[in-house]
Structure formats: C-alpha cells, structure tokens
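Notes to accompany the following structure.
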Amino acid sequence: KKNYNKIVNKTYLENIITEAKDLFKENYPDYKIIHIILSNYYANGLNYTSLSNDLQTDNLCLELKFISIHYNLTYEISQILQKYQIKVIQYLSGIYIKSFFENENLEFSEKISKILEGQNDKEISVVEKNLKKKGFFEKFFQLFS
C-alpha cells in the first residue's frame, strides 16, 4: 500500500488491517474470522517481524494470515449446544494453537489460556461490532446501572 503520510503509526496500521479484514469478508462472506496473524511486514525494502512505532516509509506491505470457520458450522455447533444451555462466545483453531506451541510441553488447556491472554504478539484481536439494537427497557436499565 502506498503511504502518502510517510509515517506508519497505530492509526494507519489499524486502517490497513481493517481494509484487509473487509476484503476478506467481501471475498469470503460465508466465513467467520477467528484469528488474524501478522506474519511479516515489509517497509523500505526490508523485512520486519514485529511492528515498530512511527516508522517512515513510502510503501508498506503487511503479510496477514486469516484463520476462519464457515458460518454453517458455527450455526450447527450453536444449535447442538443450545439444547444444553451452552452459548459459544469465541471459536479458536486447534491447529493454530498446536502449531504456535509445538516445542512447548504444555497441556492443551494451558495453550488455549495463553493464546486468550495474548501470548502471540503477532495476533491481531478481532472485535465484532454489536449490531443488535437495544430495546427501550435495555436502554432504560443501562442508563441507571
């Protein structure tokens, strides 16, 4: 991506990653993103493995890895677990978790916990927008709580 501001800051990176996420959703509308991982980024003709603040460059290339799951699968899982009053809040990729900790001798639950705590500094958090409109009583009680 051509960088007209010459400086790469947090806001610029957020905008690029949001554009990439929107492109993924446009091209794969039936899939839910569960992980976004920054593999590498290239600036000034050099390869970097971690982001640095206020880097000056004309061109920036981010290498992102998207891990996703089909919405039909999430729906089927939700329907099965709903019978037992269980709601899925977040999906994680077992393959990604195992590959990230392949050299460490940890229990799988410990690996999951470390991923959720942000162990991988190259993973980008995906926060879904809350598109559900609140009813009158929900707004009213939220006002006084």
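Please pick out the residue among 48, 41, 84 that is open to solvent by 40 Å² or more (accessible area, probe 1.4 Å) and closer than 23 Å to residue 8 by Cβ.
Just one listed residue meets the conditions, 48.
Report yes if some residue within the stretch 61-73 is open to solvent by less than 50 Å² (accessible area, probe 1.4 Å), more than 21 Å from residue 21 (Cβ to Cβ) and in a strand (DSSP E or B); otherwise report no.
no
When the stretch 14-39 is examined, which residues are found to be under 12 Å from the mean Cα position of the chain (by Cα) and small (Gly, Ala, Ser)?
20
Pairs under 6 Å by beta carbon, first residue under 25 Å from residue 74 (Cβ atoms) in the stretch 26-47, partner of a type in the set (Phe, Trp, Tyr) and open to solvent by less than 30 Å² (accessible area, probe 1.4 Å), six or more apart or different chains?
Final answer for the pair search is 35/96.
Collect the residues in the stretch 29-46 that are farther than 25 Å from residue 100 by Cα and modelled with pLDDT of 85 or more, keeping them in residue-number order.
29, 30, listed by residue number.
Can you tell me which residues in the stretch 11-38 are among the charged types (D, E, K, R) and either open to solvent by less than 80 Å² (accessible area, probe 1.4 Å) or part of a helix (DSSP H, G or I) (or both)?
The answer is 14, 19, 21, 22, 25, 26, 32.
All but one of (1) farther than 21 Å from residue 93 by Cα; (2) surrounded by 14 or more Cβ atoms within 10 Å (Cβ to Cβ) hold for residue 56, so report the exception by its number.
Every listed condition holds for residue 56 apart from (2).
The values are calculated or read from the model by the stated rules, or taken from the named source; none is laboratory data. It should be emphasised that the depicted structure is a prediction, and the values quoted were computed from it without experimental measurement. When we count neighbours, we look across all protein chains shown, and the Cβ atoms used for this are built from the backbone with ideal geometry, even at glycine. These area figures cover heavy atoms from the full protein model, side chains too; ligands, DNA and RNA do not enter into them. Shrake-Rupley method; radii C 1.70, N 1.55, O 1.52, S 1.80 Å.
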